[in-house]
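Novice: Would you mind keeping the following structure in view while I ask a few things?
The values are calculated or read from the model by the stated rules, or taken from the named source; none is laboratory data. Note that this is a predicted model, so its numbers are computed, not measured. For neighbour counting, all protein chains shown are included, and Cβ atoms are generated from backbone atoms with ideal geometry for every residue, glycine included. Keep in mind that these areas ignore ligands, DNA and RNA; they rest on the heavy atoms of the full protein, side chains included. Shrake-Rupley method; radii C 1.70, N 1.55, O 1.52, S 1.80 Å.
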Amino acid sequence: MVTQTELEEKSRKGGLKTMPFIIVNESFEKVASFGLQPNMIIYLMTFYKMSAATGTSILGIWTALSNGLAIVGAFVADSYLGRFRVVAIGSVSTLIGMIILWLTAMVPQLTSSPCSQLQHVCNGPTAVQLAILFSSFGFMSLGAGFIRPCSIIFGADQLEEKEKPENQRLTDSYFNWYYASIGISTIFAVTIIISIQDHYGWQVGFGIPVILMFLSVSMFLIGSPFYIKVKAKESLFIGLVKAVVVAFRKRFANIPLIDFDDCYHQPHESEILAPSNDFRCLNRACMTQDPQRDLNPDGSASNPWSVCSVEQVESLKALLRVLPIWSTGIVIFVMTRQFPFSVLQTKTMDRHIFPQFEVPAASFSVFMMIALTIWIIFYDRVLVPLLLKYTGQPRGLSPVFRMGLGIIVSCVSMALSAITESIRQQRAIEEGHEDDPSALVNMSAMWLVPQYALLGVAEAAYSVGQIEFFYSLLPKSMSSIASAMSTTGTAVSCLAASILMSGVDWLSSTGGKTSWLSSNINKGHLDYYFWLLTFLSLLNFFYFLAICRFYDGSSRLSHEAEEKQCDYRLLPES
């Protein structure tokens, strides 16, 4: 690990040399990870005799766990091991999980026995077989939780230099290209990898992601001598917990109306003399009521659980400041959880692009990834230079503006989904397919492409804007947490989407009525469900505007994000 002084001495040229290496390495990992997911439900139903509902529930828990563990990975990286070690551990853990999953396809004894034609009841998997399967999911979830919050910030570390403000534009461009690489990797995974699984079987279909993941781990470790490795700040998580506990213990203490520097605990290396005025109730945590009792002769706290440093309090405040903005992402990520319903729609429609070529129903999400990638490239290579030329803004649209744009576009996408489904269902009924959900409707599946494309643009605009916003406003020592908050939002959205779907299914089926989310989408009302999501997205936009007003207007918020002039950005870096 290098010291902060050594880090600042690293040249911009050295950081740029590592950028392509890091992005290519992460692309391998994304192709390997995403290539396993789309067809996994078919694998569980075929080899483990699971019902569609059971398999979907297990995969939903796996997704939520993979994203939820990101907050653990971020705290471990920022507080103890550093981002390089955490990404390395996560990569190896993911590789182990993929190898175990590959073995379940290679070794017949690790899956359920195939059913013969004379069997009416098939034997399900044994406890040992399920344990091996779930262990593979566990290793991959741990790996994803360690990689996702740290890999993007680890790349940004290569360009971070205080003495070169022009590197900020390089960092912004890096964020855009990182997400573009994810889009390209996902496109490759849901087309090529799925096609290989369908045509050559699971042994080859799982083996190729294992090989790609092995190459990713090897490249990452081989490049170790060339990376800038930011040293972790000790016990960041404990510091946040201390600030909450101490503030609660001193809840009855009086806060001085006028702040004096000597009222607060400031270690010698501190760059902040007094806490900020917002969330003033937390200022009690760093108040020194009796300096002789609370502090040692060297200025350190005699009891860390009786008084905190100003930095610890400001770190907690920084986290609280971004939580409202973070919460606006839950609804937009719920939109992307509706892919299974879109697959049901696609299966009933004509999927031919050319007479000899039919797009697989599970591969239609590729249009979302294509739109996401095109938007990011267009924004970074075309729109930002134009805005720089005519407005003088080197960073283009502010992160807050892009997040708002993403919410509005997602709302339009859901409205378009509702209209398209209404037309599709009406045609199915007119053609006499009301009782046959598998019958093909005389309607092209290309009708679904615009809603996929808009959802891709919405995710690109919101996700990149959100991570830039977090990265700009949180202290450098919490930058992995900035990335983890976005990933954790995806985990929360998985649970929220599950609760929403269960609630809608129950409420709409009361009194013996057909559920909106019936398996027979020709009898259900999937269009009503999409209109409900449209309404929730519109409410989310108004909530977003209220949050911006809470921050004294979106213009001030954007200025802070761009100029980094807020107090808590001045915290010491790790």
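Novice: Could you please find all residues in segment 389-405 being closer than 16 Å to Thr171 by Cα and either polar (S, T, N, Q) or open to solvent by 60 Å² or more (accessible area, probe 1.4 Å) (or both)?
Specialist: Scanning segment 389-405 gives Gln393, Pro394, Ser398.
Novice: Where in segment 1-49 are there helices (runs of 4 or more DSSP H), lying fully within it, with 3 or more residues that are at pLDDT 70 or above?
Specialist: Because the criterion is at least 3 residues that are at pLDDT 70 or above, the helices (runs of 4 or more DSSP H) in segment 1-49 that meet it are 12-34, 40-47.
Novice: Need pairs with beta-carbon distance below 8 Å; first residue assigned to a helix (DSSP H, G or I) and within segment 448-468, second among the acidic types (Asp, Glu); sequence gap 6+ or separate chains.
Specialist: Glu468/Asp172
Novice: Let me ask something else. Consider only pairs whose beta carbons are under 6 Å apart and that are at least six residues apart or on different chains; among these, list those whose first residue lies in segment 509-520 and is in contact (Cβ under 8 Å) with a residue 60 or more places away in the chain and whose second residue is of a type in the set (D, E, K, R) and open to solvent by 60 Å² or more (accessible area, probe 1.4 Å).
Specialist: Leu517/Asp505
Novice: Answer yes or no: is there a residue in segment 345-354 that is open to solvent by less than 20 Å² (accessible area, probe 1.4 Å) and touching a Cys at 6+ places or on another chain (Cβ under 9 Å).
Specialist: Checked against the condition, which is being open to solvent by less than 20 Å² (accessible area, probe 1.4 Å) and touching a Cys at 6+ places or on another chain (Cβ under 9 Å), segment 345-354 yields no hits at all.
Novice: Another question, if that's okay. Looking only at segment 326-344, how many residues end up being of a type in the set (A, V, I, L, M) and buried (at least 23 other Cβ atoms within 10 Å of the Cβ)?
Specialist: The qualifying residues number 4.
Novice: Based on this model, can you work out whether Ala232 counts as buried (at least 18 other Cβ atoms within 10 Å of the Cβ), assigned to a loop (DSSP other than H, G, I, E, B) and among the aliphatic types (A, V, I, L, M)?
Specialist: When the stated conditions are applied, Ala232 passes them.
Novice: Have a look at Ala496, Ala461 and point out the one that is open to solvent by less than 10 Å² (accessible area, probe 1.4 Å) and farther than 27 Å from Val230 by Cα.
Specialist: Ala461
Novice: Could you list, in sequence order, the residues of segment 77-124 that are buried (at least 20 other Cβ atoms within 10 Å of the Cβ), outside any helix (DSSP H, G or I) and at pLDDT 85 or above?
Specialist: Within segment 77-124, just Gly82 meets the criteria.
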